[in-house]
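Okay, structure first, notes after.
The values are calculated or read from the model by the stated rules, or taken from the named source; none is laboratory data. Just so it is clear, the structure is predicted and the values come from calculations on it, not from any experiment. Don't worry about glycine lacking a Cβ; one is built from the backbone with ideal geometry, like all the others, and counts go over all protein chains shown.
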């Protein structure tokens, strides 16, 4: 994936609304393996960050269709 993941793609990945992603999303960085490191603000409510790491980040891996609910093992 060469383009930054959209708010909608991120929202579908972590199970929150696109509006909530827009409100709390911070920086996005492309990693060496092609994945994206997405930071979220510390003001994000606890119930919305269940799928994030303890440092309020998400690693969005390329090559996975948003509709594909299978996850690598």
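Some points to look at:
- In the stretch 4-17, the residues that are part of a helix (DSSP H, G or I) and under 14 Å from residue 50 (Cα atoms): 10, 11, 12, 13, 14
- Tabulated pairs, the stretch 45-73, first on the phi > 0 side of the Ramachandran plot, second at pLDDT 85 or above and surrounded by 10 or more Cβ atoms within 10 Å (Cβ to Cβ), C-beta under 6 angstrom, 6+ apart or interchain: 56/40
- Flag if residue 2 is at pLDDT 90 or above and either surrounded by fewer than 13 Cβ atoms within 10 Å (Cβ to Cβ) or under 11 Å from the mean Cα position of the chain (by Cα) (or both): no
- Of all residues in the stretch 32-48, those that are touching a strand residue (DSSP E or B) at 6+ places or on another chain (Cβ under 7 Å), surrounded by 12 or more Cβ atoms within 10 Å (Cβ to Cβ) and assigned to a loop (DSSP other than H, G, I, E, B) total 1.
- Residue 64 assigned to a loop (DSSP other than H, G, I, E, B) and modelled with pLDDT under 95: yes
- Of all residues assigned to the stretch 18-26, none qualifies as being assigned to a loop (DSSP other than H, G, I, E, B) and without any contact (Cβ under 8 Å) to a residue 40 or more places away in the chain.
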